[in-house]
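What follows is a single structure, written as structure tokens, with notes after it.
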């Protein structure tokens, strides 16, 4: 029964992907040839470079932060522990706008340099923010928490005895990190990298603003500029090829280490004096750049435009955003849980690729998913009307298209990957012998799930809920196209103003997204800390 | 047996649909109109509120990218709730028309006050505002006597001095499409290549960014839409006003075809259910009040000649603009983009 439901739900989630892939059936050769001769190579190389750059960047920052904050304690380390999650609440295109405002040729930093040293244009070198490199840095700054969160869980779960045993054999701290801790945490790190890379591949706002031609900006360009939705979808289908590679690499790394060791966490080493200060500085840098600095800049803009907003117009924006994000987060995590558990129960008959396929949506640009959702649901609505008309002489009109259901469905297609990543990693830490142990004690499988799994899964579940929640808060292209009449979200508001180059007016809704995202982040931190404290107490 | 089931089924579906649709309170309005708008909310909602105030017709609005909204209309088919489509360029209106998603604007709506080149020959859409795309130059570094036409921007004297945004942008696409229509494909491609050769930097950012780059000295000339400059000149922020005032507008091609313009416009959806309300809306949008509001609030030019301009617009001066039928600009859009791809215009 649950196997049938599994395939049904999977089919539903894959519907939009099917629409995208089926576009390959009737290619417009002359247009494809034109793209091939002019811009396609750019799309491929830029997309690959962007994904690799962001992947490497988030791995280095996220994993080092997680290592430093789990192994050492120093001034401000507890505070940093949760501050490090906050950049997630910052939409990439907003941070891109903010830094461009600061660092561009006509921005305050370069103006100051010119005024101080009496330079002119061309007299000095300054990195160009609006470039591929700039896009990589911007996305890395807001996406590293994906790796940080997963790696932090992994490092915490590594047992104390492992380190002690290593120490007794004369393994230095650095060797322990590079030879033992890092490889053990690797699957978690790669899982975070994969998410960040997929998000980077699907990004439109940042690359469009920076003028970097990627597959995603190419999809928009071909559709909007050339009026060919078909060819645009074909480009999106090619994009899925790159994503297959990312997912395949991620799975390979998972195969190498099936089960992380479980045990008691150890007390972090206390760093004081210069060492402690140096560590505190190094660890706060990514948080400062990815969150604090942009928030300061946005706040200063928001204040100057505060009188333009009325609470009466603003309250529904906040409530609609939070409601949509909340409902979607719950539904998505439930779906991910169901898929992961069914996979666990029926390992033999459900192949891993089925789960991997369900994750594909994350790398598809929101607007492509929107089309993938619009087409089949519109078809369903029209057929349903034809059916009721023939049998009952009644036409209900559109019962799915243009409703919240469509929107939530599109979000689920797009974000189920995030939830799956966490439910899957969470389930992997529950070894089969734990189930066996529970069963040998006479606890049935449902009860075992409830009593044994839930406490272990809790941090993963909460992380999944939170991440989907924040992702929906930030989501834009699908929301724009699919929303019912008069439904507005903070992201829509921020984006419309920012795209109209009214960045200062966009600051308040952008800040509000961050604020709405922070509350659940605080919740997550509390839970994580409880979880970690429990391990610590047992030590 | 069957009738009873029939009734139940109907109620079930009706309840289902009302549960599914998030219903916003509709009390107090007899009439409604449903709008898909590519104009963003900040630039249309205030005037729609005035419309509601005047006519008691409630407005339901979805804003988004024009092509995405057109796709939505397409997949919703005959049951689509939308009554009118508002876009910020003629090309998308022409596209919606060619896909059979629009209908003739009834004769009850007078379009006679709008210049004929700004209305679809079959009356499937009409312009609501005009947006001009002239040359803007640094007052302290460029002598306006050295400027003449868009074609002259390919001269060697402008090497490394021109800022313009990406070819992904619709304003550049329709500008190039209009050139193809007027100069022919070959001459336009030569022009695009020459322009790209004179770029000061790879295209990035929006129109305001190009204006800022001119003010900061990164380039001497920008091509941008006037309402961006108007908006900057009226900004609450003094630094922004200073930037905008260090840049001046030059109207190119005044001795021949005129400066490039595009429009924002409106069409009635093929399956519109609130036809009378749609007519009322179009008439209202062409009224002096609405036309003036756009000129005052967003620095766009009215399509009705009798309507007065704002002071900021007056200060930029009057101009002659292209007179080709705008729908051809829409038809040539794909060719324009391919041409810009070939010219290496990022």
Which FRET efficiency, nearest 0.05, do residue A:440 and residue A:2 yield, Cβ-Cβ r, R0 25 Å? 0.55
Okay, helix-only estimate at 222 nm for chain B: each DSSP H run of n ≥ 4 adds -39500 (n - 2.57), divide by all residues, round to 500 deg cm²/dmol; what do you get? -13000 deg cm²/dmol
Fewest Cβ neighbours within 10 Å first, please rank A:347, A:489 accordingly. A:347, A:489
When only Cα pairs under 8 Å and 6 or more residues apart are kept, what is the percent relative contact order across chain B? 27
Could you list B:181, A:267, B:300, B:288 in order of exposure, starting from the residue whose Cβ has the fewest other Cβ atoms within 10 Å? A:267, B:288, B:181, B:300
Based on the Cβ-Cβ distance of residue B:193 and residue A:394, what FRET efficiency does E = 1/(1 + (r/R0)^6) give at R0 = 51 Å, to the nearest 0.05? 0.25
Across all directions of projection, what mean area in square nanometres is found for the Cα convex hull of region B:127-209? 6.4
Residue A:111-residue A:456 pseudo-label distance in nm [points 7 Å out on the Cα-to-Cβ vector]: 5.8
B:123, B:141 arranged by Cβ crowding within 10 Å, fewest neighbours leading: B:141, B:123
Just the projected area, averaged over all directions, of the convex hull on the alpha carbon atoms of region B:216-346: how many nm²? 11.5
Cubic angstrom per residue, convex hull over Cα atoms of region A:264-332: 174
Hey, any idea what the orientation-averaged projected area of the convex hull of the protein assembly as shown's Cα atoms comes to, in nm²? 41.0
Need one number: % antiparallel among DSSP beta bridges in the protein assembly as shown, to the nearest 5. 60
Report relative contact order for chain A in percent, whole number only (criteria: Cα-Cα under 8 Å, sequence separation at least 6). 23
Just how far, in whole angstrom, is region B:129-197 from region B:328-346 if you go by their alpha carbon centroids? 14
Chain A - mean residue ellipticity at 222 nm from DSSP helices (-39,500 (n - 2.57) per run, n ≥ 4, rounded to 500): -24500 deg cm²/dmol
Below 8 Å between Cα atoms, with a sequence gap of 6+, how large is the relative contact order for region A:385-511 in percent? 26
Assuming 1.002 mPa s and 20 °C, estimate D for region A:189-237 with Stokes-Einstein, Rh taken as the Kirkwood radius over Cα pairs, in µm²/s. 187
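Every number in this text was worked out from the coordinates using simple rules, so none of it is lab data. Just so you know, these numbers come straight off a predicted model, no measurement behind them. Cβ: placed from backbone, ideal geometry, glycine included. Neighbour counts: every protein chain shown.
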